[in-house]
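> Can you keep this structure in mind? I'll have questions shortly.
The values are calculated or read from the model by the stated rules, or taken from the named source; none is laboratory data. Since the structure is predicted, the reported quantities are computational estimates derived from the model, not experimental observations. Methodologically, a virtual Cβ is constructed for each residue, glycine included, from the backbone with ideal geometry; neighbour enumeration extends over all protein chains shown. Remember, those area values only see protein heavy atoms, side chains included, never the ligands or the DNA or RNA. Shrake-Rupley method; radii C 1.70, N 1.55, O 1.52, S 1.80 Å.
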Amino acid sequence: MSLPRFILSWPGVPAEGALVSLEAEQARHLGVLRLQSGDPLELVLPGGAWRADLAELRKDRGAARLVAPLGEDREAPVPLHVYLPLTAQLSLVDELLPPLVELGATRLQPVAYARSQADRRKTEARMERWARLVQAAAEQSHRSRLPELAPPLPFEGLLDVACPQKWVAYELPTGEANPALRREPLALTSGPEGGITEGEFAALAGAGWRPVSLGRSILRAVTAPVALLGAAQFQLSAP
(Lines give C-alpha, C1' and ligand atoms only; values in the text may rest on other atoms or scores of the structure.)
Protein backbone atom coordinates (compact mmCIF):
# COMPACT_ATOMS: atom_id res chain seq x y z
CA MET A 1 0.00 0.00 0.00
CA SER A 2 1.37 3.43 -0.96
CA LEU A 3 1.99 6.03 1.72
CA PRO A 4 0.10 9.34 1.88
CA ARG A 5 1.94 11.97 -0.17
CA PHE A 6 1.73 15.75 0.15
CA ILE A 7 3.24 18.49 -2.01
CA LEU A 8 4.52 21.55 -0.12
CA SER A 9 6.15 24.82 -1.14
CA TRP A 10 8.33 24.67 1.99
CA PRO A 11 10.95 27.48 2.10
CA GLY A 12 13.44 25.65 4.31
CA VAL A 13 16.52 23.61 3.43
CA PRO A 14 15.67 19.88 3.45
CA ALA A 15 17.81 17.82 5.83
CA GLU A 16 17.34 14.67 7.85
CA GLY A 17 15.51 15.48 11.06
CA ALA A 18 14.12 18.82 9.88
CA LEU A 19 10.54 19.60 10.87
CA VAL A 20 8.15 20.60 8.08
CA SER A 21 4.83 22.24 8.87
CA LEU A 22 1.78 20.79 7.13
CA GLU A 23 -1.06 22.85 5.74
CA ALA A 24 -4.42 22.83 7.52
CA GLU A 25 -6.15 20.80 4.81
CA GLN A 26 -3.34 18.23 4.83
CA ALA A 27 -3.58 17.90 8.62
CA ARG A 28 -7.32 17.35 8.37
CA HIS A 29 -6.78 14.70 5.70
CA LEU A 30 -4.28 12.84 7.88
CA GLY A 31 -6.83 12.93 10.68
CA VAL A 32 -9.38 11.28 8.40
CA LEU A 33 -6.78 8.61 7.59
CA ARG A 34 -6.29 8.14 11.36
CA LEU A 35 -2.52 8.50 11.21
CA GLN A 36 -0.69 8.67 14.53
CA SER A 37 2.57 10.26 15.61
CA GLY A 38 5.46 8.26 14.13
CA ASP A 39 3.49 6.95 11.13
CA PRO A 40 5.31 7.23 7.79
CA LEU A 41 4.32 9.50 4.93
CA GLU A 42 5.93 11.19 1.93
CA LEU A 43 6.52 14.87 1.21
CA VAL A 44 7.36 16.48 -2.12
CA LEU A 45 9.39 19.62 -1.45
CA PRO A 46 10.88 22.04 -4.00
CA GLY A 47 14.12 20.04 -3.89
CA GLY A 48 12.56 16.61 -4.34
CA ALA A 49 10.59 13.87 -2.59
CA TRP A 50 11.32 12.79 0.99
CA ARG A 51 10.29 9.99 3.31
CA ALA A 52 9.02 11.48 6.57
CA ASP A 53 7.38 10.54 9.86
CA LEU A 54 4.39 12.31 11.33
CA ALA A 55 5.69 14.34 14.28
CA GLU A 56 2.56 16.20 15.37
CA LEU A 57 -1.09 16.20 14.37
CA ARG A 58 -3.90 18.37 15.62
CA LYS A 59 -7.25 19.32 14.16
CA ASP A 60 -6.00 21.97 11.75
CA ARG A 61 -2.22 21.77 11.91
CA GLY A 62 0.54 19.23 11.90
CA ALA A 63 4.24 18.68 11.30
CA ALA A 64 6.37 15.95 9.77
CA ARG A 65 10.02 15.09 10.40
CA LEU A 66 12.17 14.41 7.33
CA VAL A 67 13.80 10.97 7.35
CA ALA A 68 15.56 10.51 4.01
CA PRO A 69 15.31 11.63 0.38
CA LEU A 70 13.49 9.12 -1.81
CA GLY A 71 15.76 9.68 -4.80
CA GLU A 72 12.97 9.02 -7.26
CA ASP A 73 11.69 10.65 -10.42
CA ARG A 74 8.21 9.72 -11.58
CA GLU A 75 8.06 12.44 -14.24
CA ALA A 76 7.95 11.95 -18.00
CA PRO A 77 11.34 12.03 -19.77
CA VAL A 78 10.31 15.16 -21.70
CA PRO A 79 8.16 18.19 -20.76
CA LEU A 80 4.50 17.67 -21.70
CA HIS A 81 2.55 20.92 -22.14
CA VAL A 82 -1.20 20.45 -22.43
CA TYR A 83 -3.30 23.31 -23.81
CA LEU A 84 -6.72 22.08 -22.79
CA PRO A 85 -9.92 23.53 -24.20
CA LEU A 86 -12.17 25.74 -22.13
CA THR A 87 -15.57 24.12 -22.28
CA ALA A 88 -18.93 25.89 -22.21
CA GLN A 89 -19.59 24.07 -18.93
CA LEU A 90 -16.58 24.91 -16.78
CA SER A 91 -17.40 21.95 -14.53
CA LEU A 92 -16.15 19.74 -17.37
CA VAL A 93 -12.67 21.20 -16.87
CA ASP A 94 -12.93 19.95 -13.27
CA GLU A 95 -13.44 16.48 -14.76
CA LEU A 96 -10.61 16.88 -17.25
CA LEU A 97 -7.76 18.08 -15.05
CA PRO A 98 -7.17 15.06 -12.72
CA PRO A 99 -6.54 12.46 -15.47
CA LEU A 100 -4.20 14.86 -17.29
CA VAL A 101 -2.20 15.25 -14.08
CA GLU A 102 -2.20 11.49 -13.51
CA LEU A 103 -0.88 11.00 -17.05
CA GLY A 104 2.08 13.26 -16.38
CA ALA A 105 1.23 16.68 -17.81
CA THR A 106 4.05 19.05 -16.90
CA ARG A 107 2.14 22.24 -17.66
CA LEU A 108 -1.60 22.83 -18.03
CA GLN A 109 -3.12 25.90 -19.66
CA PRO A 110 -6.79 26.41 -20.58
CA VAL A 111 -7.41 27.83 -24.07
CA ALA A 112 -10.44 29.81 -25.24
CA TYR A 113 -11.32 28.51 -28.70
CA ALA A 114 -14.00 30.11 -30.89
CA ARG A 115 -16.56 27.56 -29.69
CA SER A 116 -15.56 27.72 -26.03
CA GLN A 117 -18.20 30.33 -25.12
CA ALA A 118 -15.68 31.49 -22.54
CA ASP A 119 -16.57 34.02 -19.85
CA ARG A 120 -13.33 35.58 -18.59
CA ARG A 121 -14.62 36.46 -15.11
CA LYS A 122 -16.14 33.03 -14.50
CA THR A 123 -12.99 31.34 -15.78
CA GLU A 124 -10.65 33.39 -13.59
CA ALA A 125 -12.87 32.72 -10.57
CA ARG A 126 -12.46 29.00 -11.21
CA MET A 127 -8.66 29.02 -11.20
CA GLU A 128 -8.30 28.54 -7.44
CA ARG A 129 -10.50 25.44 -7.56
CA TRP A 130 -8.53 24.10 -10.52
CA ALA A 131 -5.26 24.62 -8.65
CA ARG A 132 -6.60 22.52 -5.76
CA LEU A 133 -7.68 19.78 -8.17
CA VAL A 134 -4.24 19.73 -9.79
CA GLN A 135 -2.47 19.44 -6.43
CA ALA A 136 -4.82 16.71 -5.17
CA ALA A 137 -4.36 14.68 -8.35
CA ALA A 138 -0.57 15.09 -8.20
CA GLU A 139 -0.50 13.85 -4.62
CA GLN A 140 -2.87 10.96 -5.30
CA SER A 141 -0.84 9.78 -8.31
CA HIS A 142 2.49 10.23 -6.46
CA ARG A 143 3.94 12.74 -8.89
CA SER A 144 7.47 13.92 -8.13
CA ARG A 145 6.62 17.54 -8.95
CA LEU A 146 3.55 19.72 -9.00
CA PRO A 147 2.43 20.53 -12.56
CA GLU A 148 2.19 24.19 -13.45
CA LEU A 149 -1.32 25.57 -13.98
CA ALA A 150 -1.09 28.64 -16.22
CA PRO A 151 -3.81 31.30 -16.64
CA PRO A 152 -6.28 31.01 -19.54
CA LEU A 153 -4.94 31.77 -23.00
CA PRO A 154 -6.84 33.15 -26.01
CA PHE A 155 -6.68 30.93 -29.08
CA GLU A 156 -4.24 33.29 -30.79
CA GLY A 157 -1.69 32.51 -28.08
CA LEU A 158 -1.37 28.97 -29.47
CA LEU A 159 0.12 30.42 -32.64
CA ASP A 160 3.08 31.74 -30.63
CA VAL A 161 3.82 28.53 -28.71
CA ALA A 162 7.49 27.66 -29.13
CA CYS A 163 7.98 23.91 -28.75
CA PRO A 164 9.94 21.39 -30.87
CA GLN A 165 6.81 19.22 -31.25
CA LYS A 166 3.22 20.49 -31.40
CA TRP A 167 0.25 18.14 -31.84
CA VAL A 168 -3.41 19.03 -32.30
CA ALA A 169 -6.14 16.39 -32.13
CA TYR A 170 -8.37 16.91 -35.17
CA GLU A 171 -11.42 14.84 -36.10
CA LEU A 172 -11.52 15.57 -39.85
CA PRO A 173 -9.33 13.64 -42.33
CA THR A 174 -6.23 15.59 -43.37
CA GLY A 175 -4.37 12.96 -45.43
CA GLU A 176 -1.40 13.21 -43.06
CA ALA A 177 -0.05 10.30 -41.05
CA ASN A 178 0.21 10.79 -37.31
CA PRO A 179 3.59 12.30 -36.40
CA ALA A 180 6.26 10.14 -34.80
CA LEU A 181 7.12 11.19 -31.28
CA ARG A 182 10.66 12.37 -30.61
CA ARG A 183 12.16 12.64 -27.13
CA GLU A 184 11.84 16.41 -27.10
CA PRO A 185 9.38 18.76 -25.37
CA LEU A 186 5.84 18.23 -26.64
CA ALA A 187 2.82 20.55 -26.74
CA LEU A 188 -0.68 19.10 -27.09
CA THR A 189 -4.07 20.68 -27.74
CA SER A 190 -7.61 19.79 -28.81
CA GLY A 191 -10.90 21.61 -29.25
CA PRO A 192 -13.97 22.30 -27.09
CA GLU A 193 -17.52 21.07 -27.66
CA GLY A 194 -18.20 21.45 -31.37
CA GLY A 195 -14.54 21.05 -32.22
CA ILE A 196 -11.91 23.29 -33.75
CA THR A 197 -13.14 25.49 -36.60
CA GLU A 198 -11.61 25.12 -40.07
CA GLY A 199 -10.09 28.59 -39.74
CA GLU A 200 -8.51 27.72 -36.39
CA PHE A 201 -7.10 24.50 -37.75
CA ALA A 202 -5.61 26.31 -40.75
CA ALA A 203 -3.99 28.84 -38.42
CA LEU A 204 -2.59 26.10 -36.19
CA ALA A 205 -1.21 24.19 -39.18
CA GLY A 206 0.45 27.37 -40.41
CA ALA A 207 2.06 27.79 -36.98
CA GLY A 208 3.59 24.29 -37.06
CA TRP A 209 0.96 22.26 -35.20
CA ARG A 210 0.69 18.72 -36.61
CA PRO A 211 -2.74 17.03 -36.79
CA VAL A 212 -3.20 13.78 -34.87
CA SER A 213 -6.04 11.32 -35.43
CA LEU A 214 -7.39 9.49 -32.38
CA GLY A 215 -9.54 7.03 -34.31
CA ARG A 216 -12.66 7.13 -36.44
CA SER A 217 -15.16 8.08 -33.75
CA ILE A 218 -15.78 11.62 -32.47
CA LEU A 219 -14.45 12.06 -28.94
CA ARG A 220 -15.88 14.33 -26.26
CA ALA A 221 -14.01 17.50 -25.41
CA VAL A 222 -13.00 15.91 -22.09
CA THR A 223 -11.90 12.65 -23.72
CA ALA A 224 -9.65 13.89 -26.53
CA PRO A 225 -6.93 15.57 -24.38
CA VAL A 226 -6.66 12.51 -22.14
CA ALA A 227 -6.45 10.15 -25.13
CA LEU A 228 -3.84 12.38 -26.78
CA LEU A 229 -1.65 12.56 -23.68
CA GLY A 230 -2.07 8.83 -23.07
CA ALA A 231 -0.92 8.10 -26.63
CA ALA A 232 2.17 10.25 -26.09
CA GLN A 233 3.00 8.56 -22.77
CA PHE A 234 2.58 5.14 -24.40
CA GLN A 235 5.26 6.04 -26.92
CA LEU A 236 7.51 7.59 -24.28
CA SER A 237 7.32 4.40 -22.22
CA ALA A 238 8.65 2.26 -25.05
CA PRO A 239 12.23 1.07 -24.51
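> If you go through the range 197-207 one residue at a time, do you hit one that is at pLDDT 95 or above and in contact with an Asp or Glu (Cβ under 9 Å, 6 or more places away or on another chain)?
Scanning the range 197-207 turns up at least one residue that is at pLDDT 95 or above and in contact with an Asp or Glu (Cβ under 9 Å, 6 or more places away or on another chain).
> If you don't mind, there's one more thing I want to ask. Could you list, in sequence order, all residues of the range 103-125 that are closer than 14 Å to Ser91 by Cβ and out of contact with any Leu (no Cβ under 6 Å at 6 or more places or on another chain)?
Answer for the range 103-125, where residues must be closer than 14 Å to Ser91 by Cβ and out of contact with any Leu (no Cβ under 6 Å at 6 or more places or on another chain): Gln117, Asp119, Lys122, Thr123, Ala125.
> Which strands (runs of 3 or more DSSP E) does the range 1-106 wholly contain that include 1 or more residues that are in contact (Cβ under 8 Å) with a residue 60 or more places away in the chain and buried (at least 19 other Cβ atoms within 10 Å of the Cβ)?
Values: elements: 5-7, 19-22, 40-45, 48-57, 62-69, 80-85.
In the range 1-106, the matching strands (runs of 3 or more DSSP E) lie at 5-7, 40-45, 48-57, 80-85.
> If you don't mind, another one. Would you confirm whether any residue within the range 136-150 is open to solvent by less than 70 Å² (accessible area, probe 1.4 Å), among the polar types (S, T, N, Q) and either under 15 Å from the mean Cα position of the chain (by Cα) or within 23 Å of Pro77 (Cα to Cα) (or both)? Lay out the reasoning, then the answer.
So the first thing to find is which residues in the range 136-150 are open to solvent by less than 70 Å² (accessible area, probe 1.4 Å), and the list is 136-139, 141-144, 147, 149-150.
Filter once more, keeping what is among the polar types (S, T, N, Q): 141, 144.
Applying the additional criterion that residues be either under 15 Å from the mean Cα position of the chain (by Cα) or within 23 Å of Pro77 (Cα to Cα) (or both) yields 141, 144.
Within the range 136-150, one or more residues are open to solvent by less than 70 Å² (accessible area, probe 1.4 Å), among the polar types (S, T, N, Q) and either under 15 Å from the mean Cα position of the chain (by Cα) or within 23 Å of Pro77 (Cα to Cα) (or both).
> If the Cβ limit is 9 Å and pairs must be 6+ apart or interchain, which residue in the range 147-174 that is more than 13 Å from Ala205 (Cβ to Cβ) pairs with which residue that is charged (D, E, K, R) and open to solvent by less than 20 Å² (accessible area, probe 1.4 Å)?
Listed pairs, sorted by first residue: Phe155/Glu200.
> What are the residues in the range 198-239 that are surrounded by 12 or more Cβ atoms within 10 Å (Cβ to Cβ), part of a helix (DSSP H, G or I) and either among the aromatic types (Phe, Trp, Tyr) or without any contact (Cβ under 8 Å) to a residue 60 or more places away in the chain (or both), if any? Walk me through how you get there before you give the answer.
First, the residues of the range 198-239 that are surrounded by 12 or more Cβ atoms within 10 Å (Cβ to Cβ): 200-201, 203-205, 207-214, 219-233, 235-236.
After this cut, where a residue has to be part of a helix (DSSP H, G or I) as well, the list is 200-201, 203-205, 224-233, 235-236.
Matches in the range 198-239: Phe201, Ala203, Leu204, Ala205, Ala224, Ala227, Ala231, Gln235.
> If you don't mind, another one. Do we find a residue being under 13 Å from Leu84 (Cβ atoms), modelled with pLDDT of 95 or more and open to solvent by 40 Å² or more (accessible area, probe 1.4 Å) anywhere in the range 181-192?
Checked the range 181-192: no residue is under 13 Å from Leu84 (Cβ atoms), modelled with pLDDT of 95 or more and open to solvent by 40 Å² or more (accessible area, probe 1.4 Å).
> Any chance you could count how many residues in the range 154-176 are open to solvent by less than 70 Å² (accessible area, probe 1.4 Å) and at pLDDT 95 or above?
The first filter runs over the range 154-176 and keeps only residues open to solvent by less than 70 Å² (accessible area, probe 1.4 Å), leaving 155, 157-159, 161, 163, 165-170, 174.
The next check asks that each one be at pLDDT 95 or above; those that pass are 155, 157-159, 161, 163, 165-169.
Selection size over the range 154-176: 11.
> Can you give me the number of residues within the range 190-228 that are aromatic (Phe, Trp, Tyr) and under 20 Å from the mean Cα position of the chain (by Cα)?
Looking only at the range 190-228, we keep the residues that are aromatic (Phe, Trp, Tyr), and these are 201, 209.
Filter again for under 20 Å from the mean Cα position of the chain (by Cα), leaving none.
So the count comes out to 0.
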